[in-house]
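Below: one structure, written as C-alpha cells.
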C-alpha cells in the first residue's frame with residue numbers, strides 16, 4: 001500500500017490539501033490502488049483541524065471521481081462492512097498494522113480506476 005504523510009512538516013490546512021491532491025494524482029498515475037493517508041489526530045483530544053480538513057477534501061475527491069472508497073481509521077476494522085469489502089478486493093491489506101486499531105490519525109483510500 002502506498003503511503004502519504006500529510007502531517008509531516010506541520011503544513012497549514014491549505015498546504016495539506018494541496019499536498020493531498022497532488023500526491024493522490026501521482027499515486028493514480030503510478031497505478032497505486034490503495035493509499036494510507038497519515039493526517040494525525042490532533043493534540044486537542046477532539047481531533048485536529050488538519051484531520052477534519054483532509055477528510056473533507058477526500059470526500060470532494062470522491063465526488064470528483066478520483067477516490068472510490070474512503071475508510072476513516074476508526075472504522076478500519078474487520079467488523080465493518082466497508083472494510084470487509086475492501087479486504088476482499090485487496091487481501092494483502094489484512095496484514096496492515098492499523099487494521100482493527102481504531103487509529104483516528106489515518107484514513108485508507110482506494111482510488112477509482
Checking the conditions here, which among 30, 9 is surrounded by fewer than 17 Cβ atoms within 10 Å (Cβ to Cβ), in contact with a strand residue (DSSP E or B) (Cβ under 8 Å, 6 or more places away or on another chain) and over 25 Å from residue 100 (Cβ atoms)? 30
Scan segment 40-66 for residues that are part of a loop (DSSP other than H, G, I, E, B), on the phi < 0 side of the Ramachandran plot and modelled with pLDDT under 95 and report the count. 5
Examine segment 91-104 for a residue that is within 15 Å of residue 7 (Cα to Cα) and buried (at least 16 other Cβ atoms within 10 Å of the Cβ), and state whether such a residue exists. yes
Read through the list (1) within 12 Å of the chain's Cα centre (by Cα); (2) at pLDDT 95 or above; (3) part of a loop (DSSP other than H, G, I, E, B), then give the number of the only condition that residue 31 fails. (1)
Which condition from (1) loosely packed, with under 14 Cβ neighbours inside 10 Å; (2) touching a helix residue (DSSP H, G or I) at 6+ places or on another chain (Cβ under 7 Å) is the one that residue 79 breaks? (2)
Output the residues belonging to segment 88-113 that are closer than 20 Å to residue 27 by Cα and part of a helix (DSSP H, G or I). 89, 91, 92, 93
Checked against (1) under 10 Å from the mean Cα position of the chain (by Cα); (2) crowded, with 18+ Cβ neighbours inside 10 Å; (3) under 15 Å from residue 19 (Cα atoms), residue 38 satisfies every condition except (2)
Output the residues belonging to segment 86-113 that are out of contact with any strand residue (DSSP E or B) (no Cβ under 8 Å at 6 or more places or on another chain), without any contact (Cβ under 8 Å) to a residue 40 or more places away in the chain and farther than 23 Å from residue 20 by Cα. 87, 88, 91, 94, 95, 100, 101
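The values are calculated or read from the model by the stated rules, or taken from the named source; none is laboratory data. Quick caveat, the model's predicted, so the values are computed rather than measured. Cβ: placed from backbone, ideal geometry, glycine included. Neighbour counts: every protein chain shown.
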